[in-house]
Amino acid sequence: MGQISACIFDLDGVVVDTAKYHYQAWKRLANELGFDFTLDDNERLKGVSRMDSLNILLEIGNQKLDEEQKLAYAEKKNICYLEFVNKMTPEEILPGTIKLFTELKEAGIKIALGSASKNAITILEKINIVNWFDIIIDGTKTQKAKPDPQVFLLGAKGLNATPQECIVFEDAEAGIEAALKAGMRCVGIGSSDNLGNAHMVVSGLNEVTLKKLEFL
Ligand code: BG6
Ligand code: MG
């Protein structure tokens, strides 16, 4: 329990369900390289940076590529992913998001984005939600990927909040680990099977109220 100055939201899997688009794009690439990529495999890529995701994909397919080829394939996957992103609309904002944002703003609590994605701004613009954020920290502003706490610490610093005053919302194990390393409270979005280290686990933002957060 303690004062809450800021809430830091992951994007993919918390505010929107883009994992399905990442999956389609990685699957297409895997098939092109001659192997299959399942939904189970896709779980391993949640919260993981683009290049790290490619490395995991190649490990699954038992393929070796040099750095230049890797950059080309990562770019190719992203072009495919952006085809899906460009069709996104505000209807894809996950239930409860705007209601929670409204409640937080009314209570004077700042809202931050803490995402690994380099496409974060494009997605936020597509779903028309950019203006809600007091600060946006995404994959273009960080050097160290989750589970490193850098993304969340930069968010807190930019808002003049101490880690103890921040609550992180995350759907990926690596993200929960990053929040804990940052010394922040965190809410897991998904299942306690893999997010059990979070201070609270809910199935979506529609289950979160400020009252519940005050008990963390
Ligand atoms: C994370 C996703 O938010 O962003 C990962 O959970 C993704 O699946 C990562 O690989 C990087 O995204 P992007 O948009 O920069 O390729
Ligand atoms: Mg996520």
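The values are calculated or read from the model by the stated rules, or taken from the named source; none is laboratory data. Keep in mind that what you see is a predicted model, and the values were worked out from it rather than measured. Ideal geometry is used to build each Cβ from the backbone, glycine not excepted, and the neighbour counts take in all protein chains shown. Areas reflect the complete protein model, heavy atoms only, side chains present, ligands, DNA and RNA absent. Shrake-Rupley method; radii C 1.70, N 1.55, O 1.52, S 1.80 Å.
Odds and ends about this structure:
- Tensor-based shape of the range 27-66 (alpha-carbon gyration tensor, a/c under 1.5 rounded, otherwise prolate or oblate): oblate
- Comparing G190, G108, G34 in a Gaussian network model of the chain where C-alpha atoms under 10 Å apart are linked, the largest mean-square fluctuation is found at G34.
- Carbon/sulfur fraction of accessible area - the range 19-85, other protein chains in place, 1.4 Å, %: 49 percent
- Computed lengthening from L82 to I56, 0.36 nm per intervening residue step minus Cα-Cα distance: 7.3 nm
- Separation in nanometres of the label points that stand 7 Å from Cα toward Cβ, at F35 and S192: 3.6 nm
- Remark: the E214-K157 segment gains 18.4 nm on full extension, using 0.36 nm per residue and subtracting the alpha carbon distance.
- Formal net charge of residues neighbouring L210 (Cβ-Cβ distance under 10 Å; K, R +1; D, E -1): -1
- In the context of the full set of protein chains, residues of the range 22-149 present 54 Å² of accessible surface per residue (probe radius 1.4 Å, heavy atoms only).
- Spin-label pair I121/K20, simplified geometry with 7 Å Cα→Cβ offset, distance in nm: 2.8 nm
- Proximal lysines to K27, defined as alpha-carbon separation beneath 18 angstrom and excluding residues fewer than eight positions away on the same chain: K46, K64, K70, K76, K77
- Shape of the range 19-85, Cα gyration tensor, a/c cut at 1.5: rounded
- If only the Cβ of Lys and Arg carry +1 and only the Cβ of Asp and Glu carry -1, the dipole of the range 100-216 around its Cα centre is close to 320 debye.
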